[in-house]
Structures are given as structure tokens and as C-alpha cells.
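Down below is the structure, laid out as C-alpha cells.
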Amino acid sequence: MSLRRSTVEELIERAGGCLVIDGGLATQLEAFGADIVDPLWSARCLISDPDLIKQVHLQYLEAGADILITSSYQATIPGFLTKGLSVEESELLLQRSVKLAQEARDNFWNVVRGNSMITDSCPLVAASIGSYGAYLADGSEYSGIYGDVNLGKLKDFHRRRVQVLVDAAPDILAFETIPNKLEAKAIAELLDEENIQIPSWICFSSVDGERAPSGESFKECLDILNKSEKVSIVGINCSSPFFIEKLIIEFNKLTRKPIAVYPNSGEVWDGRAKRWLPSESLGHEKFEVLAKKWKEAGASLIGGCCRTNPATIQAISSVLKPRT
């Protein structure tokens, strides 16, 4: 399936104004016993247990997800090279992340499309592209502090991964947990330079519910993305659900692009200690209530990120896509 940028908005409209994004991939992999304590994080399973990734994708589709995000968030060619893999092997693993989601989607759709009660469009596959900070695995995707990294280095870092993922023909490119204006600008310019025809979204993180982790205002960040025809959707991910409604309202004042939100469960990740801190976690019943508020506030794509699971997505789906 190949989407035009206009098609994304058409699908949103056809779905009643909102598409459901899936939930935490790593969370479910760990629930099945996968060991992902590794700089590659969930991408480690691309090497060790790809069938488990497909199983998790299927769970989210069964829960009502319209969009699957691939297991490539922390999958980078430099990261794979540190594991002793070749460049060719690394690129094949990146493409495998897309193919696993496509296979899960196709298997699921072949079953459900024969059901006359199903009126949804075929689910989409979004190729995850984590921030430079995610590759560093030092928590800098939550600080936006990249040291002396410049615009050119960020474009070069993302370039080959984008090319390889595009060749695997996902429906969307999902740039996730972007912490600063510089990386947003680098991605927007890269999409133009490579003349990428696949719709893209860029989602920022926020640690205070007010600004990007770098301290820059979202107005500064969105002013750049509003000028890009290649960026179809903007939003927030991997942040506290308690910030989301306010941020949707703010984003609606700053952009005319559709807004995607998929926050964490409410727990807080310590990027340096690499552990979840004791904090309030929202159950799926609360997400059901919040998802309705987020849609009313203006979000067009809603799902979950870290520590959310298929029960979370089923709750979101039930309120956003009620069925008889």
C-alpha cells in the first residue's frame, strides 16, 4: 500500500476523525519474556526473535489498532555494526522490521476482510525512526542535549536509514521522540533532499508539558515543520498522558497539520539509570476517558507508547471506534 499525503487525511475522515495507533512494543516483548536490556532495545528481537515481534503486532491489530509502528525505533546501522553485523546485514534487519509488520497486517486483514461487519480501512504500517538521542541510548532524547552535533551530522545520521526503510515500502515514516528544533529541521530538510514521497510524521517528546526537552518552544519547532510539505502529521509521543490535552490545544493553535498523540502510561523513565521510576501509572480504563478528551481537543491519531499494552489500545479503540 502506498499513500499520498492527502490519503492520510482521507483515512482519518473515513475512520470518523481519528485513527488508533498501537501501543508499547517493548512492553509486550518483555511481557513475553524477551530480554531487551540492550542499546538496541526492542530492535534486539529483530536478530533474536522476529516471530515474537510479529506476534505482538497481531495482538495490537486484534485490539483495534489502525496503525502498526515497526520495531526499528533504536535500529540503526551504526548500532548493528557494534554487534558485529555487516552493513548489508544491518540494512536487511531494518527492512525486516517493516516486513514483519506488513506480514502481520496482511495476515490479520485476510481474515477480517471477509467479515461483512468490518468497515474499517486496511491497517497501516509506520516505519519507526528514533531520534539521534535514542541511538546514543544515554537519555538525551529526553534532554535534547546533543553536544556539538550540527545539522549536517543529523541529516547524515538519518539519511541511509530513511533510504533503506523507504525501500521496504511502509505506508508512513514515523520520526519519534524528537527532542529539539535542530533535529526536526534536519529531518524536514532530509525529506526534501531525498524527495521522499511516503507521508511522514514527526512527534516530539516533552518532559514538562510546556516545551520540547531542549527548552525550545513548540512554536519554534512547528514553525519549521509547517513549511514542509513532506511532513504530513505532527505530535507528541513518549511523554506523560497528563500533559497531552494541553499540548493538543497548543498544537492546534500552531499548526493545521493533523496531530498524533501516543503517550506513556504515566510512569517516568530515567534514561541514565535505564529504569522506570516509581510513579503513577494509568490503567486502560483511564486511557478510555482520556482518549475521548484528546479527540475532542483535536487529536486525529491516538495511541500509546511505553508501558501501554493491548488492553490500553483496546480501551482507546472502544471509545474512538465504537461498533455494533
Would you mind stating whether residue 149 is in contact with a helix residue (DSSP H, G or I) (Cβ under 8 Å, 6 or more places away or on another chain), outside any helix (DSSP H, G or I) and at pLDDT 95 or above? yes
Search result, residues across segment 165-197 that are surrounded by 24 or more Cβ atoms within 10 Å (Cβ to Cβ) and in a loop (DSSP other than H, G, I, E, B): 170, 171, 179, 180
Is it the case that some residue within segment 200-207 is more than 22 Å from residue 40 (Cβ to Cβ) and either touching a residue at least 60 places away in the same chain (Cβ under 8 Å) or open to solvent by 20 Å² or more (accessible area, probe 1.4 Å) (or both)? yes
Taking residue 35, is it at pLDDT below 90 and either crowded, with 19+ Cβ neighbours inside 10 Å or more than 19 Å from residue 264 (Cβ to Cβ) (or both)? yes
If residue 166 passes every condition in (1) farther than 16 Å from residue 70 by Cβ; (2) without any contact (Cβ under 8 Å) to a residue 40 or more places away in the chain but one, which one does it miss? (1)
Show me the strands (runs of 3 or more DSSP E) entirely contained within segment 210-324 in which 2 or more residues are modelled with pLDDT under 95. 268-270, 275-277
Taking the criterion of being touching a residue at least 40 places away in the same chain (Cβ under 8 Å), open to solvent by 20 Å² or more (accessible area, probe 1.4 Å) and farther than 22 Å from residue 171 by Cα, would at least one residue in segment 69-78 satisfy it? yes
Test result for residue 121, hydroxyl-bearing (Ser, Thr, Tyr) and either out of contact with any helix residue (DSSP H, G or I) (no Cβ under 8 Å at 6 or more places or on another chain) or in a loop (DSSP other than H, G, I, E, B) (or both): yes
Between a first residue in segment 236-261 that is closer than 19 Å to residue 13 by Cα and in contact (Cβ under 8 Å) with a residue 12 or more places away in the chain and a second residue that is open to solvent by 10 Å² or more (accessible area, probe 1.4 Å) and of a type in the set (Asp, Glu), which pairs have beta carbons less than 8 Å apart while being 6 or more apart in sequence or on different chains? 258/9
Which pairs turn up if I take residues in segment 90-101 that are modelled with pLDDT of 95 or more and buried (at least 24 other Cβ atoms within 10 Å of the Cβ) and look for partners that are not in a helix (DSSP H, G or I) and not aliphatic (A, V, I, L, M) with beta carbon separation below 6 Å, at least 6 apart in sequence or on another chain? 94/72; 97/70; 97/71; 97/72; 98/70; 98/170; 101/70
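The values are calculated or read from the model by the stated rules, or taken from the named source; none is laboratory data. If you're wondering where the values come from, they're calculated on a predicted model, not measured in any experiment. Backbone-built Cβ (ideal geometry, glycine too); neighbour counts: all protein chains shown. Only protein heavy atoms, including side chains, enter the accessible area calculation; ligands, DNA and RNA are left aside. Shrake-Rupley method; radii C 1.70, N 1.55, O 1.52, S 1.80 Å.
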